[in-house]
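Notes follow the structure.
Readers should treat all values here as calculations from the given coordinates under stated rules, not as data from a laboratory. What you see is a predicted model, and the numbers here were worked out from it, not measured in a lab. Backbone-built Cβ (ideal geometry, glycine too); neighbour counts: all protein chains shown.
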Amino acid sequence: MAKSEKSCQEELSALKKEYEDFVYIVSHDIKTPMRAISNIATWIEDDLGPNADVDILNNFALLKSRVGRLENMLNALLELSRVNRTEMEMYEVNIPKLVEECMATLDNKLNVKFHINYNLSNENCITLGKKLNKVIFNLLDNAVRFHDKQIKNVFIDVSENEMEYEIKISDDGPGIAAELEDKIFSIFYTVNSKDVLDSTGAGLTISRKIIEMVGGAIQYTPAVNNGSIFQINWPKIISLKN
Amino acid sequence: MEGLNILLVDNCKNFIENAVNAFSQIGIQSTLCFAENNTEAWSMLQGDYKLSPLPKIMLIDTNAEGINGIDLITKIRDNFELKSILIFVISDVDNDENKQAALNLNIAAYMSKPFEKGEIISFFSTLNDYWNSIEFSSENK
Amino acid sequence: MIQKLVNILLVEDDEVDVMNVKRAFTKNNIKNELFVAGNGVEALGMLRTSIVPLPRIIILDINMPKMNGIEFLKVLREDENLKNISVFVMTTSNEDSDKINAYNLNVAGYILKPLSFEKFITSVATLKNFWSLCEM
């Protein structure tokens, strides 16, 4: 019995690796002809000059934007396939400082009000710093990007229990309809049409994969008066699942 | 380019002061380190004052007094840990007999040394743009 | 000034990438003569028979058929007559192993080809400014 369980585990690990390698190779190799399409579109635009037919120029702009989406999707696939292979350094991070760095890197902070609350006795911990950074950044980025109001309030609450850090990122934005809650973690799923709000839709998928890799958890709950609450449990001691 | 060390091997006070000034004005994130001669440079590369991380970029005035640039570059190229360092040679000498020797050691560039403060800023600005446009390996020795 | 004198050998197998370089050179007003080899073997031939006259520099892709960039670089550095040529790698490979190998073979720079042509024009502009400081 034990032997067959072990060989099942091995087979599972091998399959997983094969899958990730496949996703990586495919995404990587598709990039070359995709880049060519993007470049050639630019050359033609260039050669046509600014006085070309408006419809033609618009169509080229559309073409390039769709190629841009392809690029984003491929990059997301590449990132997803490499989650447990790259940036796996363990080093000491200071949680408040890390949060601040994430906030600093955000685009479009106009009209965003951050409300930060730390309830920590251990501000420092040795962990996969780049991965934690990525997860927090993705959630903050989502909170800002999908916000629908003039003034965007984003709340960051960090506390800890004996085993984990509890990081809660919430906002007073539109929230997510109950029937869609399960879908938001699927890759490339976006609540709005990508024509309305351009987003690849991979941030949550990648974040969840990272969190599961470290043995943590992420959960969505709707806020009381519209808005979203994402709660991350990040273990203080990381045991990497293979 | 944060956290990178750049080693300048030169003993010309004017150039060094202006280099520091240029780095600060341009806002270059890397740390500029100095050595006045071969011995000091070597101690920072393999000796008691070994830089950590090792610099990936070096600037050497091969004709400054007390600096035998060709010797130093040859030693660097012969050393397993150091041989991949990008070396930029700056020289103020016309008709430099060391020039061909330096080029034969696969330096990244042989450049004429600027003197005036404004020229030095412009010099490092161009170099900084170039350094920011190239990739470095992620190994930190 | 160096831009007027030096000859550039582009070692690149992808015709779209060759066109990118030619167009980016034109956009940046780079007047140096550009020679093109489709792989390492062809490049060595062009260098050894002086089809590319001195002084010369090389822009090198890594992923090519027959002889890839790193293999080419090794042969180049072992050839007495060719070993001191300045090489600038221009590739889509973000692999650390390629970067390490390239710098160990003393390239003067390792440039990642950006996805957009506009960004590539800027990369080439930076390269041109750098070259204006270099003396051969």
Efficiency of FRET from Cβ geometry, A:Asn119 and C:Glu78, R₀ 56 Å, rounded to 0.05: 0.35
Förster-model FRET efficiency, 25 Å R0, A:Glu10 and C:Glu95, C-beta, rounded to 0.05: 0.35
Estimated FRET transfer efficiency (A:Ala178, A:Met90; beta-carbon r; R0 51 Å; 0.05): 0.85
The range C:11-131 pair-distance distribution - Cα-Cα, 5 Å bins, rounded %: 2, 11, 23, 25, 22, 13, 4, 0
Fraction of beta bridges assigned by DSSP in chain A that are antiparallel (%, nearest 5): 75 percent
37 °C / 0.692 mPa s Stokes-Einstein diffusion coefficient of the protein assembly as shown, Kirkwood radius on C-alpha pairs, µm²/s: 125 µm²/s
Sum of -39500 (n - 2.57) over DSSP H runs of 4+, divided by residues of chain B (222 nm, nearest 500): -12000 deg cm²/dmol
DSSP beta bridge pairing in the protein assembly as shown, given as percent antiparallel to the nearest 5: 40 percent
Check: chain C dipole with +1 on Lys, Arg Cβ and -1 on Asp, Glu Cβ, in debye: 520 debye
Which of A:His28, A:His115 has the fewest Cβ neighbours within 10 Å, and the rest in rising order: A:His115, A:His28
Average beta carbon contacts from partner chains per residue of A:34-44, 10 Å cutoff: 5
Separation in nanometres of the label points that stand 7 Å from Cα toward Cβ, at A:Asp47 and A:Asp29: 3.0 nm
Taking A:Val191, A:Val196 and counting other C-beta atoms within 10 Å, the order from fewest to most: A:Val196, A:Val191
Residues C:Met19, B:Met58, sorted so that the one with the fewest Cβ neighbours within 10 Å comes first: C:Met19, B:Met58
Nonlocal amide H pairs with C:Asn7, under 5 Å, H built at 1.01 Å: C:Arg56, C:Ile57
At least 30 Å along the helix axis (C-alpha) and Kyte average at least 0.0, DSSP helices within chain A: A:54-81
Inter-probe distance in nm under a simple model that places probes 7 Å from Cα toward Cβ, at A:Ser193 and A:Ile126: 5.3 nm
Whole-Hz ³J(HN,Hα) from phi, Karplus 6.51 cos²θ - 1.76 cosθ + 1.60, for the range C:113-118, glycine and proline x: 5, x, 6, 8, 5, 4
Averaged over C:103-116, number of beta-carbon atoms from partner chains that fall within 10 Å: 6
Where only C-alpha atoms are counted, convex hull volume of the range A:91-235 per residue in Å³: 108 Å³
Ellipsoid semi-axes in whole angstrom, largest first, where each is sqrt(5λ) of the Cα gyration tensor of the range B:31-141: 21, 18, 14
Violating pairs (Cα-Cα greater than 31 angstrom) within the set A:Lys131/C:Lys119; A:Lys3/A:Lys31; A:Lys109/C:Lys27; A:Lys130/C:Lys66: A:Lys3/A:Lys31; A:Lys109/C:Lys27; A:Lys130/C:Lys66
